[in-house]
Each structure stands twice: as C-alpha cells, then as structure tokens.
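What follows is a set of notes on a single structure, which appears directly below.
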Amino acid sequence: MLTDLAEDLAARGWRVTVVASQTSYDGRPAKLPAEEWHQGVRIIRVKSSSHTRHRKIGRLVDYVTYLVGATARLLWLDPPRAVVAMSDPPFSVAIALVVGRLRGAKVVYWVQDLFPDIAAALDVMSSRSLLYRVVRRLAAWMHFRCDAVIALGPQMVRALVAAGAHPERTTFVHNWADLSGVRPIPPAENAFIRAHRLDGRFVVLYSGNAGRAHAFGAVLHAARALRAESDVLFLFIGGGQRIPSLKQQCEQAGLTNVQFLDYQPRAELASSLSSASVSLVTEDPSVVGMLVPSKTYGILASGRPLLFVGAARSDVARVVREADCGIVIEHEDGEGLVQAIRRLRDDASLRRRLGENARQAAEERFGRSKGTRDWERAMLDCLNDPSREPRGQRSAPSRPS
C-alpha cells in the first residue's frame, strides 16, 4: 500500500521521501541501499538491528533502533510540510509528532492496525496489566494530537475515536488493489493452475498472511467435513504465525484435501488468486475495528466470490453485503461454511455472478487509482485546514512535500 501511494503521489507532483529500515522485512542478511530513488520517490534507509521477527525481545529492539535512527535522519532533512506515520512499527507516530512539532509540519497517522488494543485482543498483552494501561493512555494522547488520522473503514474510525482520536480529524480510506496487476484469468489460460495440477478442482483459496487475527476453526471443520468430496481442495498460499499449527492439525487429521504453498512472486499474484473457485477471508471477532484484512481487495480484483468467516458487523462483511460479491459466515460456523462451499460449487451461475460483482466493486470502489486519490484528498483537507495549522507555519500549498 505504501509503495503504491508513494509512487502515485510522486507521479502527481508531490515531493515524497520515505524513511525506512535498511534491514529487509523478511530478515535476510543482505543490507538494502542506504539511499535510492524509485519512480520519483526518494528512499532513505537507516541502520537498525536485525533480530528475528518471531521473538518479542528481538522485535522490540529492532523497533527501537529503527525509531532512533529514523528520528535522527528526519531532523536532518529539509523541513517537510507533512510527516506521515504508519502504525507498524508501533509508536512511529511518536517520532512523527516530535519531528512535526520541531519542523512545523502536519502529522498524519495512517492506521493499519490499532495498537495496543489489538495486542490485548489477541492475548499478546494483558488488558489488566499496568503496561497496557500506560501504553493505551500514551496512544490516546498521541492519537488526539495528530492533525489527521486515516483509518481503513468505518468500524476502525469508531474504534480510533473511542481510543482517543479527534472525531473531526479522523476519517477512513479503504485499502485497494492494483487492477492492472490483479485481474481475472480464465482457468484455461492460467499457468498457475497447470503448474500446480489444479485442473478440475474446486479450489477454496486462502492467500496471504495467516496471523493471530485470523481464525481457522471453521475452515478446519469444513476441510474435515468435505474430505470425501475429492473435487474440493483447500489451498493455503502464504505464511504467518498460524501456518505451522494449521499444517500440524491437517497432518494429524490426515487431511489430504488441504495443501500449502509459500508466498508467490508478486508477478504471479493475478494467476495465483485466479486459481481460486472461491476465496476465503477470516477474521477473529475480537479484532473488529482494529484492522481490515487487505487481502480482501485482491480477491475482489481477481473476480472470485469471497467467503468471509467472521463477525457480521465487520468492515469486510459490510463490503461483501454491499457489493453482493460473496457470502458471510459467522465466526466458527463450520457447517455454515460447508454449506456455502457446496452451494457455490454446485451453482456455477451464482458463482459467476458473485465473481463479476466482486470485480465490478474493485473497479468502482477499491482500485489503486481511486484509493490513492482518496488518500491524497484526505491529505489536502488536512494541509489546507487552518484549524489544524501547526504553530508558526504558514498556509500550506496545494501539493507540498
């Protein structure tokens, strides 16, 4: 998302600088260049530690060393008109507020997940602990002092306001899909289907991260219930903390109708998503309003029906209902998922209609161009609003750096 946004803003005349870590996300030992230009975007990378992301202490050290390095680098750059902070790593908004106030810049917080609330919801942090209460108060203080907070959907806006964000400065912009990169590919033309021998199978696809926020009880129930129906295959593509446990449970149950593949190259995303007969998105109800699975939008762009397993009040469920592009199944309703899979397998016209609706929704509401323009509009609203003017700063031009 950040790459798409930075590229599109640069193409529209903005001066965009990204300050990132010199260490690769997947922990590979090779260091990335300290500075480079990419499609008009200046990328500056600061040194930070490189511990495994699966160990809490190591991950915390990585975050702290990055934040220290990023703060120092930001203070040496030419004064920006706006500083945009992401929600990962946690508290990057803190350095944005410091730099923004020192350099007279607006501070925009782009929230992909709501911390520390999501940590408590997933039992990573106890909501009764002193640490949680302190961190939550600090987060509320920072949310309120941002000039703009950009969430991913209406439920997240409500959660952010409840967590301290200023209601008049909090809005949402949906994440998006690159419609030129992800498009429906007919099975007869799909090399991914041939390469993985998926011809003739009804593929129930889960593509992307399978993390703590994604529940799979209903999916495992459906895989067990449909094990004798040899045309149905559950295919997981990607990684995440849940994958080792899912593999173990499938092996123990002898589920030969479940397969796992690693993440595929970005260039093959259209063909891998189009290998699905239907695609799955799951969300633990405890995290409603704290995130919106971005895989939703790639599924819509691929023109495949979406089976959402989670709370009916979630933003994904709302999208599915409004676009009429799939079926919503309540959390842990394994039988409901079985029935939905059978219904879509046996009704090709329904499957086709829902898939066409999904692609139409992507084109009309969730494409990259619309998403980045909505984001740009939210930025301009913030920059040109005199009530949010940092002290000592003159009126912002229409397209600042």
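The values are calculated or read from the model by the stated rules, or taken from the named source; none is laboratory data. All of these numbers come straight from a predicted model, not from anything done at the bench. Don't worry about glycine lacking a Cβ; one is built from the backbone with ideal geometry, like all the others, and counts go over all protein chains shown.
Name the residues in the range 252-299 that are within 22 Å of residue 371 (Cα to Cα), among the aliphatic types (A, V, I, L, M) and surrounded by fewer than 16 Cβ atoms within 10 Å (Cβ to Cβ), would you?
267
For the range 122-152, what are the residues that are surrounded by 21 or more Cβ atoms within 10 Å (Cβ to Cβ) and more than 16 Å from residue 90 (Cα to Cα)? Break it down stepwise before answering.
Going residue by residue through the range 122-152, those that are surrounded by 21 or more Cβ atoms within 10 Å (Cβ to Cβ) are 139, 143, 146-152.
Across the range 122-152, the qualifying residues are 147, 148, 152.
Across the range 113-128, which residue is nearest to residue 2 (Cα to Cα) among those that are assigned to a loop (DSSP other than H, G, I, E, B) and within 23 Å of the chain's Cα centre (by Cα)?
Quick first cut of the range 113-128, residues assigned to a loop (DSSP other than H, G, I, E, B) only: 114-116, 122-128.
Restricting the remaining residues to those that are within 23 Å of the chain's Cα centre (by Cα) gives 114-116, 122-125.
Details: 114: 17, 115: 19, 116: 22, 122: 25, 123: 28, 124: 26, 125: 28 Å.
Among residues in the range 113-128 that are assigned to a loop (DSSP other than H, G, I, E, B) and within 23 Å of the chain's Cα centre (by Cα), the one nearest to residue 2 (Cα to Cα) is 114.
Residue by residue, here is whether (1) at pLDDT below 85; (2) exposed (fewer than 14 other Cβ atoms within 10 Å of the Cβ); (3) under 21 Å from residue 376 (Cβ atoms) holds:
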residue: 14; (1), (2), (3): no, no, yes
residue: 26; (1), (2), (3): yes, yes, no
residue: 31; (1), (2), (3): yes, yes, no
residue: 39; (1), (2), (3): no, yes, yes
residue: 56; (1), (2), (3): yes, yes, no
residue: 87; (1), (2), (3): no, no, yes
residue: 101; (1), (2), (3): no, no, no
residue: 106; (1), (2), (3): no, no, yes
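For the range 117-165, enumerate the residues that are in contact with an Asp or Glu (Cβ under 8 Å, 6 or more places away or on another chain), within 24 Å of residue 214 (Cβ to Cβ) and aliphatic (A, V, I, L, M).
Across the range 117-165, the qualifying residues are 121, 122, 152, 156, 159, 163.
Of all helices (runs of 4 or more DSSP H) completely enclosed by the range 129-239, which ones contain at least 2 residues that are more than 30 Å from residue 105 (Cβ to Cβ)? Give the steps one after another, and end with the answer.
Details: elements: 130-145, 154-162, 191-195, 217-225.
Once the helices (runs of 4 or more DSSP H) in the range 129-239 are filtered for at least 2 residues that are more than 30 Å from residue 105 (Cβ to Cβ), what remains is 130-145, 191-195, 217-225.
List pairs: first in the range 358-378 and closer than 10 Å to residue 5 by Cβ, second at pLDDT 95 or above and surrounded by fewer than 18 Cβ atoms within 10 Å (Cβ to Cβ), Cβ under 6 Å, 6+ apart or cross-chain?
Within 6 Å, no pair qualifies.
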